[in-house]
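In what follows, a structure is listed as structure tokens, so that the remarks can point back to it.
The values are calculated or read from the model by the stated rules, or taken from the named source; none is laboratory data. Every value quoted in this text rests on a predicted model; they were computed, and no experiment measured them. Every residue, glycine as well, gets a Cβ built from its backbone with ideal geometry; the counts of neighbours run over all protein chains shown. Protein only, heavy atoms only, side chains kept; ligands, DNA and RNA dropped before computing areas. Shrake-Rupley method; radii C 1.70, N 1.55, O 1.52, S 1.80 Å.
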Amino acid sequence: MSMTQQAEPAVGTSPGPGPRKTDGRTAERPLVIRLLARPEVGVFLGAMAVLVFFLIAAPTVRQGSSMATVLYQSSTIGIMALPVALLMIGGEFDLSSGVAVISSALTASMLSYQLTLNVWMGVIVALVVSLGIGAFNGWMVVRTGLPSFLVTLGTFLILQGVNLAVTKLVTDNVATDDISDMDGFDQAKKIFASSFDVGGVQVKITVVWWLVFAAIATWVLLRTKYGNWIFAVGGNKESARAVGVPVNFTKITLFMTVGFGAWFVGMHQLFSFNTVQSGEGVGQELIYIAAAVIGGCLLTGGYGSAIGPVFGAFMFGMVNQGIVYAGWNPDWFKAFLGVMLLGAVLINLWVSRTATRR
């Protein structure tokens, strides 16, 4: 029914039977096109295709223990990909997220060991430090107006140097000391790095946390005012500010959310291996961003979902482990990564055009 027809008052007769007349603005697109325009549908189909491919190419993947390993690899990427995706929907990037994970783990480890404190003290201080790094990144972006790419690149270099220099200064080594015999370690390990049995298969607790965080992020995006703010500031921050959206608050808290993710993954690494290598984390930020992009988040901001990066991270875990199970040269992982990323960017371009086409 046209806009004019909708505005007319009802009279005693009803329109006759027959096809409803529509103009170009109100005509609905086919269901398939509308589904494909959802940010998570394309990556879901891609993830299923990758899964089927490796189920055929690498029979080992069919074993429960192998799939548990794939899910574990996916979860360690996916937990960080979620806040990175929210930040991208809000129109910003964080290139320091990879080394921030290591900074968090180093803080908790060295503070606990060198000061002989309960490890929970180190965990709490590491959380404060991680949130502080995120707040600093966000504050610098909104205060200076500089692109987040440049601000977080600077933070990346600072953290990379501090991680190495401070660790060598404190421990006389490039790695922290083993904290497995310290007070509170066992309790912290249960939360951040334990496993549980499912049908005789050991599943890492990070898989559960990954899905819980994904559910929370989805609820925030789709059911809260803050979720509307994220989409608004990513789409057009000036228009968002004009209608009362707290742009600066939203961007700073999004960076702090990335800091929280870095803290959680850092704690997992610390309590999984009992020690931390100070030079790790470099390059991981690209993996997190790529998982978000493959998951349907546009590089221009204002569009995406929390479910898409879940499937994006699963694709990473599946390819990473699938290549090993297939007995191929693991160097091919980077090639697969590049193909997936390029394909995702092209699909996202098509999706964005489809979603805005009238």
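The residues in segment 199-236 that are at pLDDT below 90 and more than 21 Å from A292 (Cα to Cα) can be counted, and the count is 2. Taken over segment 232-246, the criterion of being open to solvent by 60 Å² or more (accessible area, probe 1.4 Å), part of a helix (DSSP H, G or I) and hydrophobic (A, V, I, L, M, F, W, C) is satisfied by A242 alone.
Out of the residues in segment 262-317 meeting the condition of being of a type in the set (A, V, I, L, M) and over 16 Å from the mean Cα position of the chain (by Cα), tell me which one is farthest from L86 (Cα to Cα). In this case the residue turns out to be V276. Out of G90, G122, one residue alone is open to solvent by less than 10 Å² (accessible area, probe 1.4 Å) and either free of Cβ contacts under 8 Å to residues at least 60 places away in the same chain or more than 22 Å from the chain's Cα centre (by Cα) (or both). It is G122.
Go through (1) part of a loop (DSSP other than H, G, I, E, B); (2) open to solvent by 80 Å² or more (accessible area, probe 1.4 Å) one by one and return the number of the condition F149 breaks. Of everything listed in (1) part of a loop (DSSP other than H, G, I, E, B); (2) open to solvent by 80 Å² or more (accessible area, probe 1.4 Å), F149 misses just condition (1).
Conditions tested, residue by residue: (1) under 20 Å from the mean Cα position of the chain (by Cα); (2) crowded, with 20+ Cβ neighbours inside 10 Å; (3) of a type outside the set (F, W, Y); (4) farther than 12 Å from V207 by Cα.
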residue	(1), (2), (3), (4)
A49	no, no, yes, yes
F53	no, no, no, yes
V70	yes, yes, yes, no
S74	yes, yes, yes, no
I77	yes, yes, yes, no
L82	yes, yes, yes, yes
A85	yes, yes, yes, yes
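For segment 175-186, the criterion of a residue being farther than 30 Å from S112 by Cβ and either open to solvent by less than 60 Å² (accessible area, probe 1.4 Å) or at pLDDT below 95 (or both) is satisfied by no position.
Is it true that L131 is part of a helix (DSSP H, G or I) and either in contact (Cβ under 8 Å) with a residue 40 or more places away in the chain or touching a Cys at 6+ places or on another chain (Cβ under 9 Å) (or both)? Criteria met by L131. Looking only at residues of segment 295-320 that are open to solvent by 20 Å² or more (accessible area, probe 1.4 Å) and assigned to a loop (DSSP other than H, G, I, E, B), we find that the one that is farthest from V212 (Cα to Cα) is T300.
Only one of (1) open to solvent by 10 Å² or more (accessible area, probe 1.4 Å); (2) assigned to a loop (DSSP other than H, G, I, E, B) is not met by W229, so which one is it? That leaves (2) as the condition not met. Residues that are over 13 Å from S104 (Cα atoms) and either open to solvent by 50 Å² or more (accessible area, probe 1.4 Å) or in contact with a His (Cβ under 6 Å, 6 or more places away or on another chain) (or both) within segment 152-163 comprise L153, L157, I158, listed in sequence order. A count restricted to segment 175-220 and to residues that are closer than 18 Å to Q269 by Cα, over 26 Å from the mean Cα position of the chain (by Cα) and free of Cβ contacts under 8 Å to residues at least 60 places away in the same chain stands at 2. Checking each residue in segment 148-174 for being free of Cβ contacts under 8 Å to residues at least 24 places away in the same chain, of a type outside the set (A, V, I, L, M, F, W, C) and under 26 Å from T257 (Cβ atoms) picks out G154, G161. Quick one: is G279 of a type in the set (G, A, S) and surrounded by fewer than 24 Cβ atoms within 10 Å (Cβ to Cβ)? Yes, satisfied.
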